[in-house]
1. As I understand it, the value is the acute angle between the Cα axis of helix 10-22 and the longest principal axis of the Cα atoms of the chain; what does it come to in degrees, rounded to 10?
2. Tell me, 24, 60, 48 in order of fewest to most beta-carbon neighbours within 10 Å?
3. Compute the long axis of helix 33-43 from its Cα atoms, compare it with the longest principal axis of the Cα atoms of the chain, and write down the angle in degrees, 0 to 90, nearest 10.
4. Using alpha carbons only, how many angstrom separate the centre of segment 1-21 from the centre of segment 22-36?
5. Using alpha carbons only, how many degrees (0 to 90, rounded to 10) separate the axis of helix 61-72 from the longest principal axis of the chain?
6. Give the relative contact order (percent, whole number) for the chain; include only Cα pairs under 8 Å separated by 6+ residues.
7. Could you work out [θ]222 nm for the chain from helices alone, using -39500 (n - 2.57) per DSSP H run of at least four and dividing by all its residues? Round to the nearest 500 deg cm²/dmol.
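Bear in mind these aren't lab numbers, they're just calculated from the coordinates by the rules spelled out. This structure is a prediction, so every number in the text was calculated from the model and none was measured. Note: ideal-geometry Cβ built from the backbone for every residue, glycine included; neighbour counts use all protein chains shown.
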């Protein structure tokens, strides 16, 4: 299973990614909203789960969810 993790706090991101990887998940870790959006534009169909921080640089987690909804509901 492939997961996108969007977390700007380095210590928390490392801990979450390590824990998920130990359970054999493939984790892409983005540290900003724009970086996450780039991942989602290219790999959205391959993600089984997205974990978004609420307060992110550039785009919030809520803004990312709104963009995904808008794109998938023409």
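1. 70
2. Ranking 24, 60, 48 by Cβ neighbours within 10 Å, fewest first, gives 24, 48, 60.
3. Result, in degrees: 90.
4. 6
5. 50
6. The value is 38 percent.
7. -15000 deg cm²/dmol
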